[in-house]
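The values are calculated or read from the model by the stated rules, or taken from the named source; none is laboratory data. Because the structure is predicted, anything quoted here is derived from the model rather than measured. Methodologically, a virtual Cβ is constructed for each residue, glycine included, from the backbone with ideal geometry; neighbour enumeration extends over all protein chains shown.
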Amino acid sequence: MWNKKATKPATKPRSGAADTLITADTKITGDVSFTGVLFVDGIVKGNISAEVGSHSMLTIGAQGRIEGEIRVPQVNIYGFVNGDVHALETLNLYKEAKIEGDVHYNLLQMAMGSTVNGKLIRKDSSRKLLDHKPEDEKSK
């Protein structure tokens, strides 16, 4: 009578679809932690973070305003951020993007018209090799 296949989604959500949406009429006070895709077009007064290694993405829309620190692998900014941004993988700043704080990034793309009032700090993603030698070779 009931078809179990009908209750399961046929495909994964298309790329770029937001798992969570904070609309322009929404104001959140407090820290936000997420996995997946978060789109903010409202106001968040608090830190935003995603699990390291999760490839999560944060997009701050043109009306979006963040007052706090961001620690997310992939970040796209169209709006305003007052706080440090830590983009562990990629950071895209679009035409009207504005950041008041330091920016820590691996890969950065800035459009003409975007502004950063703070330091730009590139994270070195290359692996460091440690100089390990057996005990008997260290004494030589």
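Select, from 68, 61, the only residue that is crowded, with 18+ Cβ neighbours inside 10 Å, on the phi > 0 side of the Ramachandran plot and not basic (Lys, Arg).
Numbers: 61 fails: on the phi > 0 side of the Ramachandran plot.
So the residue among 68, 61 that is crowded, with 18+ Cβ neighbours inside 10 Å, on the phi > 0 side of the Ramachandran plot and not basic (Lys, Arg) is 68.
Scanning the stretch 107-140 for residues that are closer than 20 Å to residue 88 by Cα, polar (S, T, N, Q) and modelled with pLDDT under 95 gives 125, 126. Of everything listed in (1) under 22 Å from residue 101 (Cα atoms); (2) surrounded by fewer than 20 Cβ atoms within 10 Å (Cβ to Cβ), the single unmet condition for residue 53 is (1). Residues in the stretch 74-88 include none that are modelled with pLDDT under 95, assigned to a strand (DSSP E or B) and surrounded by fewer than 20 Cβ atoms within 10 Å (Cβ to Cβ).
Scan the stretch 96-109 for residues that are over 14 Å from residue 66 (Cα atoms) and over 15 Å from the mean Cα position of the chain (by Cα) and jot them down. Matches in the stretch 96-109: 96 only.
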